[in-house]
Amino acid sequence: MWSSMRGFVAIAAAVLLSFSTACSQDPEVLKRQHVQAGDRFAADGKHAEAILEYRNAIRLDVQFGEARSKLSTSYEAVRDLPSALREAVRAADLMPDTVEAQLRAGSLLLRARQFPEARARAVSALAKAPRNPVALVLLGNALAGLKDMDAAIEQVERAIDEDPQLALSYANLGALQVAKGDRDAAESAFRRAVDAEPGSALAHMSLANFLWSAGRLEEAERELTIALDIEPKSTVVNRALAVLHIAERNMAEAEPYLKAYADLSGAVDARLVLADYYVGLRRAAEATNILTSVAREAAGYAPATVRLAALDVAGDRRADAHRKLDEVLAKQPRNELALEAKSRLLLFEQRNDEALTFATTLVNANPRSVRGRFTRALALETTGAADEAVKTYEDLLTTVPASAPVQARLAEHYIARRNYKGALQLAQQLVKARPQSGAARLLYAQALLGSGDLQNAERELMILSQATRTSPEVYNWMGLLYEAKRDPKSARRWYQRALELQPASAMALAGLVSTDLAEKSPTSALARIEARLNGQPNDPTLLMMDGMAQMAARDSRQAEAAFRRVLELDANHIDAYTRLGTIYLMENRLDEARQNFEALAKHQSTPVAAETMIGIILTRQNKAEEARAHFERALQLNPRAAVAGNNLAWYYANNGGNLDTALQLAQMAKAEIPESASVTDTLGWIYYQKGLATLAVATLREAVQQSPSDPSIHFRLGLAYLKNGNKLEARSTLQQVLKLDPRFADADEVRRVLATLPG
């Protein structure tokens, strides 16, 4: 009996086990179990685990709309909005008769600015529940997105009629009235929302936002404080109050709200905001404590470590900063924050080629990164690739047309290139967006001055000089203004004030020297320069000033010595070559000068400047073939010898040489001396010779901006316009040649071409 009983028990156990297994394998039962487990995780705030459970349920039944709806909610909780939207739409499609599913999908579609789709979901919900106020509000907002403001307002007003106590409807009505431009009606709607539900934090928040946008900050703060009393643990309200106090420059009052925001949220982003706040107040120790804690977490490691590196830089611990950034990049080679920080640190250290490498890596990692492209443009500037930097800034403006840093950098380049029309347009936008910015207004004044609008430039500079009172830069530009007005006495006064504030200012010294020379007092100019040269004997800028003043004093030997010293220091200083050539030509000393430089070349180990100067002299003597050999020798000594490269490129372009080689040389010279009109002219002319008319026009137009009074550049630009098919611009440009110099060497050719053009 005992044996048979044991057998019975075993059989019963087996039957029970098989029954249990059968139940556990039933897909209907299993999918419900997964949903229930997901619900428990979601209730505990464990949304990552909830997502896994809901997805397990969907694997068992892809048509399970309820699971997809709950999955959407958890995706939204972890801020994966694309996934939340996708699952909400699928759930609504699977549950067409469920109003809540349609409203959820519509709400997420509205957030994604998919207004036609949001409208369709609202209409679907209203087909089942015609008086549902939430559906009416959704329809109204979708219509607003489609710019049908009157219909949108009508729908929200219907929602209010259905439920006069629904604060959300009033808040939406207020937002729609704002969009329509009726601010009085908007304020009325927001206040009705508060009256309908005085205990609603959302209603008070909505009214606060309206008041804030109207600049009524005290009233906005009062409404936010009420909202915080209602929901003291609201991260949204705490952060809003912090931002409001910061906007009012009440930095101390912002701290408790930012701390509450960080503590309540616990999120990495919230704690980083608090750390950034402490950095702004120069409370480095508190910022460091927070960042050190955040850096221990996987999600916060990179952003916190990059910020710690920035604190190291501020504390002059650059080696530590490099170490931290290198550690981040070793773990995350494509981390954009670290790549940008590394590039900017290298720029700060003037390690420009390395900075460009990191900035290029950043852009390759994310070609659409605005910060990355901007950083790369800064690096391009420092490595001499100004043209590419300008093009990058111009491309960036198509992506972020209102970016003040991009507008400012591009405006500065345009001013340097004498493109005052472009600079003026950008500066006007900057001033409109930031009327209190002294830097923006100074750029505006510079653009006005460059474009010849002296009256408005004077007005802007006067305002700036009164507002700042201690800005040598503003005073220097005041000096330039009065020089342009041919008032050297006033110019001198402003330059002197600039020099008092900044004794080392090269711009102020150059301005005073210029006014001395304008008043026929080269002795005074030379005395100023000599006093500065005593402390800086190897400064090329001072030596160029000295040479110019010596020429004004008619002491060509001293001028020659100054310009030759410049070339010893900088073999690519094109202006020094030009000035020397002018002296030798005027004094008919070309043979003597050539012999002198030939002797010098024999005694120097790398006589780049001497060989280049010999080539220039031989060119002036119409000995082009001999000149070519010396330019080639200079380039053998230094492949980046820009002046020799430019002159050799010109020789090839005009004497049947290899145009591809000429182009390479001209591009190298342009990279080395981007602001030189003669170099830009050479590059543009080679483009013309190669049949690249569009590039020729763009480059020669830049050369004209760099040297607007040179008729020969205008001539070549006119020919480029003609080759590019733009006869109107060709005619206008060629006419300008004859206005600048009726006796221009190729004036007969200009007239011949003009005779073939219409008009």
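The values are calculated or read from the model by the stated rules, or taken from the named source; none is laboratory data. Note that the coordinates shown come from a computational prediction; the quantities given were computed from them, not determined experimentally. Note: ideal-geometry Cβ built from the backbone for every residue, glycine included; neighbour counts use all protein chains shown.
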| Of Tyr495, Tyr482, Tyr420, Tyr475, which residue is among the hydroxyl-bearing types (Ser, Thr, Tyr) and closer than 21 Å to Tyr393 by Cβ? | Tyr420
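Which ones in region 255-269 are crowded, with 21+ Cβ neighbours inside 10 Å and among the aliphatic types (A, V, I, L, M)? Walk me through how you get there before you give the answer.
Kept after step one, since they are crowded, with 21+ Cβ neighbours inside 10 Å, are these residues of region 255-269: 257-258, 260-262.
Scanning region 255-269 gives Leu258, Ala260, Ala262.
Consider region 53-78. How many of its residues are under 17 Å from Pro96 (Cβ atoms) and either in contact with a Pro (Cβ under 7 Å, 6 or more places away or on another chain) or without any contact (Cβ under 8 Å) to a residue 24 or more places away in the chain (or both)?
1
If the requirement is being surrounded by fewer than 22 Cβ atoms within 10 Å (Cβ to Cβ), in contact (Cβ under 8 Å) with a residue 60 or more places away in the chain and of a type in the set (Val, Ile, Thr), which of these qualifies: Ile574, Ile583?
Ile574
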| If you take just the helices (runs of 4 or more DSSP H) that sit entirely in region 275-359, which of them hold at least 2 residues that are farther than 22 Å from Tyr257 by Cα? | 301-314, 318-331, 336-348
| Within region 319-352, which residues are over 21 Å from Tyr301 (Cβ atoms) and either within 20 Å of the chain's Cα centre (by Cα) or surrounded by 20 or more Cβ atoms within 10 Å (Cβ to Cβ) (or both)? | Leu346, Leu347, Phe348, Asn352
| query | Can you pull out the helices (runs of 4 or more DSSP H) entirely within region 482-534 that have at least 1 residues that are closer than 18 Å to Ser465 by Cα? | reply | 488-501, 506-518
| query | Looking at this structure, is Ala745 out of contact with any strand residue (DSSP E or B) (no Cβ under 7 Å at 6 or more places or on another chain) and crowded, with 16+ Cβ neighbours inside 10 Å? | reply | no
| Any residue in region 420-432 that is charged (D, E, K, R) and exposed (fewer than 15 other Cβ atoms within 10 Å of the Cβ)? | yes
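Name the residue that is nearest to Arg121 (Cα to Cα), counting only residues in region 70-89 that are surrounded by 21 or more Cβ atoms within 10 Å (Cβ to Cβ) and in contact with a Leu (Cβ under 9 Å, 6 or more places away or on another chain). Before the answer, list the steps.
Residues of region 70-89 that are surrounded by 21 or more Cβ atoms within 10 Å (Cβ to Cβ), as a first pass: 70-72, 74-75, 84-85, 87-89.
Subsequent filtering for residues that are in contact with a Leu (Cβ under 9 Å, 6 or more places away or on another chain) retains 72, 75, 84-85, 87-89.
On the way: Ser72: 16, Tyr75: 20, Ala84: 16, Leu85: 13, Glu87: 14, Ala88: 11, Val89: 9 Å.
Among them, the one singled out is Val89.
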| field | Total residues in region 546-561, condition of a type in the set (S, T, N, Q) and closer than 19 Å to Arg532 by Cβ | value | 2
| On the given criteria, is Glu729 charged (D, E, K, R), modelled with pLDDT of 90 or more and over 37 Å from the mean Cα position of the chain (by Cα)? | no
| field | From Gln604, Gln621, Gln636, residue being more than 47 Å from the chain's Cα centre (by Cα), in the same structural domain as Ala669 (by TED's automatic domain parsing) and surrounded by fewer than 19 Cβ atoms within 10 Å (Cβ to Cβ) | value | Gln621
| task | For Ala696, indicate whether it is more than 32 Å from the chain's Cα centre (by Cα), under 30 Å from Ala634 (Cα atoms), among the aliphatic types (A, V, I, L, M) and assigned to a helix (DSSP H, G or I). | result | no
| Within region 439-476, can you find the residues that are out of contact with any Asp or Glu (no Cβ under 9 Å at 6 or more places or on another chain), polar (S, T, N, Q) and not in a loop (DSSP other than H, G, I, E, B)? | Gln455, Asn456, Ser465, Gln466, Thr468, Asn476
| query | Among the residues of region 386-395, which ones are touching a residue at least 12 places away in the same chain (Cβ under 8 Å) and more than 18 Å from Ile415 (Cβ to Cβ)? | reply | Asp395
| message | Return the residues of region 36-49 that are under 18 Å from Arg104 (Cβ atoms), at pLDDT 85 or above and either surrounded by 18 or more Cβ atoms within 10 Å (Cβ to Cβ) or of a type in the set (Lys, Arg) (or both); say none if nothing qualifies. | response | Gly38
| remark: The lone condition Val363 fails out of (1) modelled with pLDDT of 90 or more; (2) within 9 Å of the chain's Cα centre (by Cα) is (2)
| Residue check for Arg239: modelled with pLDDT of 75 or more, in a helix (DSSP H, G or I) and of a type outside the set (A, V, I, L, M) | yes
| query | Can you spot a residue in region 316-334 that is under 29 Å from Ala404 (Cβ atoms), polar (S, T, N, Q) and touching a residue at least 24 places away in the same chain (Cβ under 8 Å)? | reply | no
| query | Looking only at region 535-548, which residues are in a loop (DSSP other than H, G, I, E, B) and either in contact (Cβ under 8 Å) with a residue 12 or more places away in the chain or within 36 Å of the chain's Cα centre (by Cα) (or both)? | reply | Asn538, Asp539
| field | Single unsatisfied condition, Ala698 versus (1) assigned by TED's automatic domain parsing to the domain that holds Ala730; (2) hydrophobic (A, V, I, L, M, F, W, C); (3) over 23 Å from Arg418 (Cβ atoms) | value | (3)
| field | Qualifying residue in region 488-495 (condition: crowded, with 21+ Cβ neighbours inside 10 Å and in contact with a Pro (Cβ under 8 Å, 6 or more places away or on another chain)) | value | no
